[in-house]
Every structure is written in structure tokens, then in C-alpha cells.
Amino acid sequence: MAQVKVGIIMGSQSDWPTMKEAADILDELNIPYEAKIVSAHRTPDRLWTYGKTAVERGLQVIIAGAGGAAHLPGMMASKTRVPVIGVPVQTKALSGVDSLYSILQMPRGFPVATMAIGGAGAKNAGLMAAAILANTDATIAQRLDDWRDALSASIPDEPSDD
Ligand code: RP5
């Protein structure tokens, strides 16, 4: 079985419809990943163990999505040197701006690469993970180049009324 190099983690089952966009693009690019619920608040021991073992388990990128007081990506970045890509999940109360600021405003020393709020951010997180892996994996690089070319080719030259 192929080595899993990308970990997708999220604070709650309710984050999955958003985070699935990251999983879907990794599936499309044929990149193995694991998806886990790891909450900074509700399962802090799980977070600690995940971060502590990430390097030895061979993870090269962690995509972490959370909503509201979204400590998960930052806490994970504090526990492992594996690069963390943060996805702010949209919330009802503050539309995800709370999640965005929680993830984005890391103090010096522990960066989180923060994506846009919601599904677009999750999909871009998957693409960013692929781009990181592509630096050292020619097969993934080719698949990502092909995917980007296909996206460009799908964009019409001119707008239509249809
Ligand atoms: C966060 O609280 C999760 O990441 C989720 O976005 C939010 C709400 O969680 P649930 O109450 O839906 O489980 O920890």
C-alpha cells in the first residue's frame, strides 16, 4: 500500500462536507491521504499524539480545518514541523471570519499556511499539498501540471449568454 503523506484533520464531523473538497482533489490526483477527526478542544490528547507522531509516520503535509475558535491548525503547527495548511470552516454566527482570524493570526515562530474560508479553501489546500509533494515527486508533479492545464483549457475565451 502507498505511503500516506497527507493528513487531513478536522475539529468535528460537521467540518467534513467542507474538508471533503480537499480529499476529493487528492483522490483526483491519485495522492493517498488519511482523514481524521482531531479536535483541539474535545480530543486534545488525540491532537497531541497526532502531532507527536506525524514525522515518524511519514506525513509530509497536514491539512487542518476547523471552525469558530479554530485552534486546531495552530496547535498542530506547534507540535510538529510538518507543514500545516489551515482551512477556516464557515460558521453560522460569524460566517467563518472567526475561523479565518483564529487560523491566520499566528504569532512569530509557528506558521500556518492559511487558505480561504470554506470549500474553495479546502480544495486549494489539497492543491497546495499536491504542489508541496510535487517538489520531490515527478509523478505527482506531472499529474498536477496536467490538472492545471485541463483547468486552463476549460476556460472559454469569451463570455456567453447561455
Ligand atoms: C470546531 O467547532 C469544529 O471545527 C467545528 O467547525 C465547530 C463546530 O463543531 P460542532 O459543534 O459542529 O461539532 O471545533
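Every read-out reported here was derived from the displayed coordinates using simple, explicitly stated rules and does not represent laboratory data. Keep in mind it's a predicted model, so treat the numbers as computed, not measured. Cβ sites come from the backbone with ideal geometry, for glycine too, and all protein chains shown count toward neighbours.
Only Cα pairs within less than 10 Å get springs; with that Gaussian network setup on the chain, which residue of V112, V97, V84 has the largest fluctuation? For the chain, modelled as a Gaussian network with Cα springs under 10 Å, the answer is V97.
Electrostatic bookkeeping for A54 treats Lys and Arg as +1 and Asp and Glu as -1; over the other residues with beta carbon under 10 Å from its beta carbon, the sum is +3.
Other residues with beta-carbon under 15 Å from the beta-carbon of I117 carry, at +1 per Lys or Arg and -1 per Asp or Glu, a net charge of -1.
Lys-Lys pairs in the chain that are eight or more residues apart or on separate chains and whose Cα atoms lie under 22 Å of each other come to 13.
Computed over the chain, the per-residue total of -39500 (n - 2.57) for DSSP H runs of n ≥ 4 gives a 222 nm mean residue ellipticity of -13500 deg cm²/dmol, rounded to 500.
Each principal axis of segment 92-146 carries a Cα extent, and these read 42, 28, 9 Å when sorted largest first.
Can you give the local net charge around A40? Use residues other than it whose beta-carbon is closer than 15 angstrom to its beta-carbon, Lys and Arg +1, Asp and Glu -1.
So the environment of A40 carries a net charge of +2.
Rounded, prolate or oblate for segment 62-162? Axes are the square roots of the Cα gyration tensor eigenvalues, ordered a ≥ b ≥ c, and the cut-off for rounded is a/c under 1.5. Oblate.
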